[in-house]
Amino acid sequence: MCIKSLLNFYDQHGQGHRLVIPLMGTNLSRAGLSHNDSLRVITSLFQLYGDKIHGEVDVVIYKGDKDKVTLDI
């Protein structure tokens with residue numbers, strides 16, 4: 001729901017600017033997602049709601065978490 005709301009806001013107000021988003025749902029969020037699952041969920045939602053994205057999107061993976069994520073999605 002959070003990412004969907006973010007994409008709706010970006011669609012209305014983003015004006016083609018870059019969207020930067022961290023991995024969400026890991027560690028302290030208590031959503032129970034692994035870092036790989038979080039990346040898969042985010043990229044899947046970007047594909048599903050791609051019509052709302054009018055600029056570049058960067059997904060931030062923090063330096064300390066880089067060994068927890070594989071980019072083979």
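The values are calculated or read from the model by the stated rules, or taken from the named source; none is laboratory data. Computed from a predicted model, the values in this text were never measured in an experiment. Methodologically, a virtual Cβ is constructed for each residue, glycine included, from the backbone with ideal geometry; neighbour enumeration extends over all protein chains shown. Accessible surface areas use protein heavy atoms only, side chains included; no ligands, DNA or RNA. Shrake-Rupley method; radii C 1.70, N 1.55, O 1.52, S 1.80 Å.
Restricting the chain to trypsin sites (Lys or Arg not before Pro) that sit in a DSSP loop and have at most 13 other Cβ atoms within 10 Å of their own Cβ leaves Arg18, Arg30. The residues neighbouring Gln15, those whose beta-carbon lies less than 15 Å from its own, together hold a net charge of 0 under the Lys/Arg +1, Asp/Glu -1 convention. Surface calculation, 1.4 Å probe, protein heavy atoms: Asp72 sits at approximately 140 Å² accessible. Along the axis of the charge dipole computed for the chain (Cβ charges of +1 for Lys and Arg, -1 for Asp and Glu, origin at the Cα centre), the listed residues Gly50, Gly14, Met24 are led at the positive end by Met24. Between His17 and Leu48, the simple spin-label model (points 7 angstrom out along Cα→Cβ) gives 2.6 nm. Rolled with a 1.4 Å probe across the full set of protein chains, the surface gives Leu48 an accessible area near 120 Å². For the chain, the relative contact order is 43 percent, taking Cα pairs closer than 8 Å that sit 6 or more residues apart in sequence and dividing their mean separation by the residue count. In a simple Cβ point-charge model (Lys, Arg +1; Asp, Glu -1; nothing else charged), the range 17-72 has a dipole of about 160 debye relative to its Cα centre.
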